[in-house]
Amino acid sequence: MKKWTFLVSLCALFLGVLSNAQDNKVTQIKNTVSQFSTSEKSIIERTASYESHSTLMRVLKATNLDKVLDYNGEFTVFAPSNLAFEKLSKITIDKLNDPKNKKALRDILSYHIIADKLSASTILKAMCRGNGTAKFTTIQGDKITATINGIDIVLTDKSGNRAVIVTADSNQSNGVIHEIDTVFMPVTMF
């Protein structure tokens with residue numbers, strides 16, 4: 001019952017924000033903010049400029065996924081920070097850095113990319129329509145499930161690994177970056 005009440009409250013809050021946006025003053029402010037909130041840089045160019053994503057940038061280059069994220073298509077990247085990579089064990093990091101495991105590393109990173117632009121509000125709308133959960137298909141072909149815990153959007157992969165979006169909606173010319181606090185590690189990778 002608590003979950004249902006929270007979900008109804010979340011949807012009501014979201015709909016209230018949308019209806020208030022119809023006010024001319026709010027719309028003018030929103031248009032002004034959105035003009036400055038989308039970067040001219042691609043996802044890969046922006047990732048390269050973030051100090052906190054240097055590990056992600058290195059592994060994207062190692063798997064050639066940097067070339068994919070430089071295309072004009074629309075993508076959503078759930079970008080693990082350097083701190084998220086530091087949570088992995090030394091053994092796992094050594095395996096990820098081994099050139100023999102390039103395909104496994106590419107598969108792992110593919111769990112973090114969706115071929116569509118999903119803002120935080122789009123994710124919340126999908127959760128409202130889905131009774132508190134929403135599923136999104138990664139370029140790997142598996143689903144990531146989004147739920148809410150308090151004010152946090154929590155993402156869960158098929159193996160039950162959970163990551164929280166810690167920084168949302170870094171809009172780029174070809175999609176959006178959401179920084180997450182954990183690296184998705186499907187159990188069958190190693």
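The values are calculated or read from the model by the stated rules, or taken from the named source; none is laboratory data. Just so you know, these numbers come straight off a predicted model, no measurement behind them. All Cβ positions, even for glycine, are placed from backbone atoms using ideal geometry, and neighbour counts span all protein chains on display. All accessible areas refer to the heavy atoms of the entire protein, side chains included, with ligands and DNA or RNA removed. Shrake-Rupley method; radii C 1.70, N 1.55, O 1.52, S 1.80 Å.
Please work out which residue is nearest to the chain's Cα centre (by Cα), limiting yourself to segment 172-190 and to residues that are crowded, with 16+ Cβ neighbours inside 10 Å and outside any loop (DSSP other than H, G, I, E, B).
Filtering segment 172-190 for residues that are crowded, with 16+ Cβ neighbours inside 10 Å and outside any loop (DSSP other than H, G, I, E, B), the one nearest to the chain's Cα centre (by Cα) comes out as His178.
What number of residues within segment 121-174 satisfy the criterion of being farther than 23 Å from Thr47 by Cα and of a type in the set (Asp, Glu)?
1
Find the residue count for segment 53-71, including only residues that are closer than 17 Å to Asn174 by Cα, open to solvent by 10 Å² or more (accessible area, probe 1.4 Å) and not in a loop (DSSP other than H, G, I, E, B).
Within segment 53-71, residues that are closer than 17 Å to Asn174 by Cα, open to solvent by 10 Å² or more (accessible area, probe 1.4 Å) and not in a loop (DSSP other than H, G, I, E, B) number 4.
Given segment 72-170, what helices (runs of 4 or more DSSP H) lie entirely inside it while holding 1 or more residues that are touching a Gly at 6+ places or on another chain (Cβ under 9 Å) and within 27 Å of Ala48 (Cβ to Cβ)? Break it down into steps so the answer makes sense when it comes.
Details: elements: 82-86, 90-97, 102-110, 120-129.
Counting at least 1 such residues, we get 102-110.
What number goes with the only condition from (1) closer than 20 Å to Asp142 by Cα; (2) surrounded by 18 or more Cβ atoms within 10 Å (Cβ to Cβ); (3) in contact with a Gly (Cβ under 9 Å, 6 or more places away or on another chain) that Ile43 does not pass?
The failed condition is (1).
Looking only at segment 103-135, which residues are surrounded by 14 or more Cβ atoms within 10 Å (Cβ to Cβ), touching a residue at least 12 places away in the same chain (Cβ under 8 Å) and out of contact with any strand residue (DSSP E or B) (no Cβ under 8 Å at 6 or more places or on another chain)?
Ala104, Leu105, Arg106, Asp107, Ile108, Leu109, Ser110, Lys125, Cys128, listed by residue number.
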